[in-house]
1. Once every DSSP H run of n ≥ 4 in chain A is given -39500 (n - 2.57) and the sum is divided by its residues, what mean residue ellipticity at 222 nm do you get, rounded to the nearest 500 deg cm²/dmol?
2. Based on the Cβ-Cβ distance from A:LEU514 to A:LEU639, what FRET efficiency comes out when R0 is 41 Å, to the nearest 0.05?
3. What does the average come to when, for each residue of peptide A:474-486, you count the partner chain Cβ atoms lying within 10 Å of its Cβ?
4. GluC sites (Glu not before Pro), restricted to the range A:343-395: which are DSSP loop and have at most 14 other Cβ atoms within 10 Å?
5. Among B:SER81, B:SER114, B:SER224, which one shows the highest mean-square fluctuation when chain B is modelled as a Gaussian network with alpha-carbon springs under 10 Å?
6. Using the C-alpha atoms of the range B:33-78, what convex hull volume per residue, in cubic angstrom, is computed?
7. Net charge near A:ASN557: determine it from the other residues with C-beta under 13 Å of the C-beta of A:ASN557, scoring Lys and Arg +1 and Asp and Glu -1.
8. Extension gain A:THR653-A:VAL562, at 0.36 nm per residue separation less the Cα-Cα distance, in nm?
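The values are calculated or read from the model by the stated rules, or taken from the named source; none is laboratory data. Please read these numbers as outputs of a predicted model, since none were measured by experiment. Positions of Cβ are backbone-derived with ideal geometry, glycine not excepted, and every protein chain shown enters the neighbour counts. To get the accessible areas, we keep the full protein, side chains included, count just its heavy atoms, and leave off ligands, DNA and RNA. Shrake-Rupley method; radii C 1.70, N 1.55, O 1.52, S 1.80 Å.
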Amino acid sequence: MTSKHFLLTLLALPAMAGMAQVQDSTNMIKREFSLDEVVVSSQSANQRVNMAKLGEQKIDLLQLNHIPSLFGEKDIFRSLQLLPGVKSEGEASSGFQVRGGTSSQNQILLDKTTLYQAGHLMGLFSTFNDDAITNATLYKGMIPAQYGGATSSVLTVDTRPGDMYEYHYGGTLGLLSAKVFAEGPIKEDVSSFLITARRSYADMFMQSGDLKDSKFHFYDINARVDWRLSSKDRLAFSVLNGKDVLGMDDMMDMDWSNTSLSGRWMHYFSDNMMSTFTTYYSSFDNEMGMEAMGMDYDQNGFIRHMGANYTWQWFQTPRLKWNAGLQSDHTWLRSAEWTVGNTTERDQNNAWEHSAWVDTEWKPLTSLTLSAGVRGSVFAPEDHKTYVTVEPRFSTSWKVTSNHSFKMGYSNTSQNIHAIMSNATSMPFNRYTMSSDVVKPQRANQFSLGYTGKTDNEHYDFSVEGYYKFTNNVYDYCDGKNHRSDIHMDNIILGGDSRAYGVEFQAHKNNGRLTGWVSYTLSWVENQIEGINGGNWYTASNDRRHDLSVVAIYLINRKWDVSTSWKYNTGQALTAPSGKYRLTDGWQYYYAERNGYRAPDYHRLGISFNRTAVHDRYTSKWSFGLYNVYGQSNPFMILFEDDSTKPTGVKATKISLLKFIPSVSYSIKF
Amino acid sequence: MMKKFFVAIWTVLSLASCKEEMDFDYHTVAPIDVIEAYLTQDGLDIQVTQTTDMECTTLPQQVDALVTLTDQDGQAIDPDSTAVPGQTYTLQVQVGDRTYSSTAQMCRPATIESATLTWDDGKTDRLFCTLQIQDVQGEENHYCFRMFRNGEVYKWGVFTDKGYEDGIIERNISCMSRDTYEDNKPEDQHKILHDGDQLRVEVLTIDQHSYDYLYSLSLSKRQSYNPICNFEGGCLGYFIAGGAVSVELVFHDNE
């Protein structure tokens, strides 16, 4: 495969996702000035046992630095995929699916602003530069009432505040990209700044040969400024701008970008009462132009949000806490605008959404925690029906002993922004639509039950969670239609139901030179959409029966550590032909059942070695890695093609990506 | 030095991807009737066959069928007679005890202004057949093109006049890449044009229903679903009535 073909493969993928240091009672943050920066140590074994809510997973950014990564790019999304109940969309995607949902049913919030298609290089990497982030929490079960707009999960990520006392700067040079950061006080103990920037540099070496005149790069910039106005008031402003640009000569150009702006004012009324007022703006834009084969074609789309959110938290007693708030959001959604020749078509709509919520956690007994919340929303699209939703949720945790707890919960969530995917993998050019007269809000009801236990010394902890989720109004393209079939989404999609159920197991080893975890998920996902598969229930394309991840990190000495991760999952459900017939120019295929087949199982091993050296004035780190160590040919795509040299006239072929990917990176921080 | 370093990395990434043939355990299903019928000014051309298993090594055989063509007044029409633009025709096909029917409107033919074969050396390094068509005036039009090589269908596709209403529509039909042409591999013979090959490009003006079917057929393999139903009764295939125009070309090595 030539370089040009590799680039074309990437281009063709679409045919084929206050204040970071707000310290609440469950989220203690420890600061270490090393390469690892802020270390979230919130989810110790003890905290996992004590946590009332089911399905809440804090992401340990320290571990993220050690886990083997693709091209040496530390990627929060790829780390998420190693957690129970979280699955990868596919080999070439950092997109993730949670408990039978699709990636489009996840909400990704950066400083309370919503990001869409938060990935670079068609989703190969996440938009998040690990130098720029601090807290990350995935809610996959009972989503707190303060978050709305996702039926599957909510991932909250906070930009890291700059150091208010000392200046630091540094950078990382990797195979694919380079990044730099700087932070420090603007006025000591009063205000600080952080700025990070990352850019891929492959295109700088494409000035000759096959790839001449090609565009192929991404960048992202994060910045944050904090002010401590008084002992009771803090302000923070954060910005993200990231963009991908791909192009071939002057024939085709495509780019997509995420921009988010957030301003937050946090006010402490007292030691046990605080509020956060956030205003935000976010914009996801995509654009594609093609001038080839007689076609002069342009398309673009966007989703923009602007709004304000007021959150009030009250720790009434050590046993009773409240979280309540209001949010007003305006959405501009352009599903697509196409220009062909002298004709322009557009599908665009705007909507207001006003929400209010209240959440409470109460410990009537030392061993018993009750948590309940409700969110009410009014979603009002222009020129369409207004929808009012009430979303209750409830969970309880019963601590049998100090080492063992049982939990159960129920949640009801809704989603008004719908992404309709042509493939199992999300792409920057997926089309979106919002609830309308035709498209109804997606509603999910989830029941879950779990157990968490730990050993006395907290060296080990274990958890089991089972869930059943039923979702109404999931949408897919009608058979025979795709994103290009009609400008108006209402004409080409069908709605139905989805059900997902499964059980998740996880075991952690927390202490010693060797740490890590094993997670296993047994799950089923099925859809029923009138007009697809004869209206019968069918296995969803994101159904994978077994999913196993093993992660081990071993500290060899003060300088060296080694880590491995092994991932296995049942092959993806796929639709393949059960018969063939002749029409026009050759064989056509007859598909008897939607997703009636399975792709071969997926497995890979990753390994990385890190050497950290602490000097007087700086710290440096070398990372060496190998992704897919034993070169497993995991199917990225399975194709059925005509082949006149075969007695049957047809053949099945498998396209595999990412075999034996070595990586090396060097980081330095002053 | 840095450039060599990068080229080495890029080569590694390229080698990390591969395409390979795989064994696949196909399911089997009972045969389903397949009808392919074109009605043009020259009369009806119809083939009735059945689906076969994916592992079957023989071509599908024609099956006996009783074919009835009627006009919009319900009058039976001689299948060899000239179809009239503006008329709606119904095709009924009886295979054993199974009956299928489909309706299509005959549309006015377009005019082919020019058709040329050209190698695009600069950008794609592919051979294109550039087709210029005068859009049928005053109507929203849908077109199907079929490119025959020595009498066999070589390429086909659908397009509309959107953006070029009542004007000249240009379409470049991608034939083959220069690499494919020069490598001349046995498995690529269905893609390759050879010196002296007789080509005929036919353009049919078709109705929306037929266009929707053919569009879904063009996506069928890529998106792994059956095209939308064109016939009532549960068979596969289509009935298209189209005003046809065609032009003939010959491919030469030095094109």
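1. Details: 4 runs with 25 residues, N = 670.
My calculation for chain A gives -1000 deg cm²/dmol from helical runs alone.
2. Numbers: r = 42 Å, r/R0 = 1.04.
Using R0 = 41 Å, I get an efficiency of 0.45.
3. Numbers: counts 0, 0, 0, 3, 3, 9, 14, 7, 6, 0, 2, 4, 0.
The per-residue average across the peptide is 4.
4. Details: sites: A:GLU345, A:GLU353, A:GLU361, A:GLU382; in loops: A:GLU382.
For GluC sites (Glu not before Pro) across the range A:343-395 that sit outside H, G, I, E and B with at most 14 neighbouring Cβ atoms in 10 Å, the list reads A:GLU382.
5. Sorting by GNM fluctuation, first place goes to B:SER224.
6. On the way: hull volume 4.4 nm³, N = 46.
Roughly 96 Å³ of hull volume per residue.
7. Values: positive: A:ARG513, A:ARG558, A:LYS559, A:ARG611; negative: A:ASP561.
Net charge in that neighbourhood comes out at +3.
8. Values: separation 91, 0.36 × 91 = 32.76 nm, distance 3.62 nm.
Full-extension gain reported as 29.1 nm.
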